[in-house]
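The values are calculated or read from the model by the stated rules, or taken from the named source; none is laboratory data. The structure presented is a predicted model; accordingly, all values stated were derived computationally and were not measured. Every residue, glycine as well, gets a Cβ built from its backbone with ideal geometry; the counts of neighbours run over all protein chains shown.
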Amino acid sequence: MRTLIVVLSVALLALGPVGCQKKEGPAEEAGKKVDQAVEKAGSAAKEAAEKAEKKLDEAAGKLKDTAEKIDKKVDEKVKSGTEKAAQELESAGKAVKEKVGK
C-alpha cells in the first residue's frame with residue numbers, strides 16, 4: 001500500500017505541472033501574431049534591401065562602363081582635332097612662306 005501511495009505521489013508530482021499550464025488568452029495570441037508579422041516584415045525589408053543593393057551595383061557598373069566609353073571617345077576626338085589643327089597650321093605656315101617668299 002505504501003508503495004502504491006509513493007508511486008501515485010510521484011506520478012502526480014510529475015504530471016501536475018502539465019495539467020496546470022495556463023492556456024494562452026487572446027492577448028498572448030495577438031502578441032505572437034504581431035511578433036510573427038514584425039519578423040516577416042523585417043525579413044521582407046532585408047530581402048528588398050539586398051535586391052536594391054544588387055541593382056545599384058549593376059547600375060554603377062553600367063555607368064562606369066559608359067563613362068569609360070565616353071572618356072575614350074573624347075580622347076579620340078581631342079587627338080583627331082589636335083592632328084587636324086596641326087595639319088591646318090602647317091598648311092597655313094606653308095602659305096605664309098609662299099607669300100613672303102614672292
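Taking the range 6-27 on its own, how many of its residues are in a helix (DSSP H, G or I) and either modelled with pLDDT of 90 or more or exposed (fewer than 10 other Cβ atoms within 10 Å of the Cβ) (or both)?
Qualifying residue count for the region: 8.
Condition check: in a helix (DSSP H, G or I), modelled with pLDDT of 95 or more and β-branched (Val, Ile, Thr). Does residue 3 satisfy that?
On the way: in a helix (DSSP H, G or I): yes; modelled with pLDDT of 95 or more: no; β-branched (Val, Ile, Thr): yes.
For residue 3, the condition - in a helix (DSSP H, G or I), modelled with pLDDT of 95 or more and β-branched (Val, Ile, Thr) - is not met.
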